[in-house]
Amino acid sequence: MLWHVIKRVAFYLLVIGIVFISIFPFYYAIITSFKSGTALFEINYWPRTFSLANYTQVLTTGSFPRNLANSLLIASVVVAISLVLAVTASFALSRVRFAGRSLLLFTILAVSMFPQIAVLSGLFELVRFFGIFNTPFALIFSYMIFTLPFTVWILTTFMRDLPIEIEEAAIVDGASPWVIITKVFLPLMWPALVTTGLLAFIAAWNEFLFALTFTSSNNTRTVPVAIALLSGATQYEIPWGNIMAASVIVTVPLVVLVLIFQRKIISGLTAGGVKG
């Protein structure tokens with residue numbers, strides 16, 4: 001009995017420790033974003049004063065609002081294209097039998113395992129060849145490299161677990177492959193689509209290396225690069241307040257999206273785990 005209580009207490013202490021380590025950096029960023037002046041250099045873990053000066057400065061000076069719009073546009077387009085291509089590709093990879101299907105699926109997965117720096121030089125040559133350097137198209141094109149393999153793999157696994165009888169019944173009724181995808185499979189795939197779409201959105205929203213390499217002006221940069229390049233009045237000053245305020249502005253939409261779609265995310269992540 002005593003050993004059971006000790007294990008239970010140790011478990012909850014471990015959970016509390018993990019939650020604290022995960023949440024504390026974001027909490028400290030929030031309270032720091034409301035500080036100004038000398039208060040930024042005071043170490044305290046409970047807010048004593050609230051000032052919106054950092055948020056006002058970030059949103060009214062420089063090009064941060066434009067960078068925020070760039071990130072939203074690019075991440076949304078990347079997710080939309082990735083899901084459209086992934087749905088059709090997953091149907092072919094899971095339902096259509098052809099030679100080399102498994103090899104193709106593993107090749108798609110292997111592509112996503114390459115580190116970004118390994119493909120950066122070759123991708124830069126492609127971006128320059130197509131004449132899309134310093135445009136949103138360069139980032140959309142490059143982000144597809146790591147979002148598309150992920151979405152194809154997840155949706156293929158999910159679609160493979162859908163009952164074959166549903167597809168056979170639709171074929172008997174004379175449905176074409178496109179009708180089967182849009183009218184039969186899509187309504188069943190919403191949990192997986194929401195999960196993969198949200199994870200792809202977060203990956204595109206937070207991407208830094210490609211955004212830094214393929215953009216050269218403030219008007220085309222995304223928020224991760226814009227935050228990294230925030231500077232103070234002099235080269236020796238680091239605007240911690242502005243950086244924390246910008247980080248909070250960028251993070252809050254992702255937190256809201258996760259909270260809104262948390263049920264779909266759980267359903268999508270656990271889909272296919274149990275067959276009935």
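Some points to look at:
- Protection proxy ranking, highest mean first, for peptides 66-77, 195-206: 195-206, 66-77, where packing is the per-residue count of other beta-carbon atoms within 10 Å, averaged.
- When both the range 55-119 and the range 157-202 are represented by their alpha-carbon centers, they are found 19 Å apart.
- The listed peptides 40-53, 181-194, ordered by packing as a protection proxy, come out as 181-194, 40-53 (highest mean of other Cβ atoms within 10 Å first).
- With all protein chains in place and a 1.4 Å probe, the accessible surface of the chain carries 72 percent carbon and sulfur.
- Comparing mean-square fluctuations of 32, 220, 60 from a GNM of the chain with C-alpha springs under 10 Å, the top value falls on 60.
- With an a/c value of 1.5 or above and a/b not larger than b/c for the gyration tensor axes a ≥ b ≥ c computed over the alpha-carbon atoms, the range 13-69 is described as oblate.
- Taking all Cα-Cα distances within the chain, those exceeding 29 Å account for 50%.
- Dipole magnitude (debye, nearest 20) for the chain, charges at Cβ of Lys, Arg, Asp, Glu: 340
- Cα long-axis angle, helix 190-206 against the chain (0 to 90 degrees, to the nearest 10): 40
- Across the range 153-243, the convex hull enclosing all Cα atoms gives 147 Å³ per residue.
- Computed from the alpha carbon atoms alone, the convex hull of the range 65-122 holds 106 Å³ per residue.
The values are calculated or read from the model by the stated rules, or taken from the named source; none is laboratory data. No experiment lies behind these values; they were computed from the predicted model shown. Neighbour counts run over all protein chains shown; Cβ positions are idealised from the backbone, glycine included. Accessible surface is based on the protein model in full, side chains and every heavy atom, while ligands, DNA and RNA are left aside. Shrake-Rupley method; radii C 1.70, N 1.55, O 1.52, S 1.80 Å.
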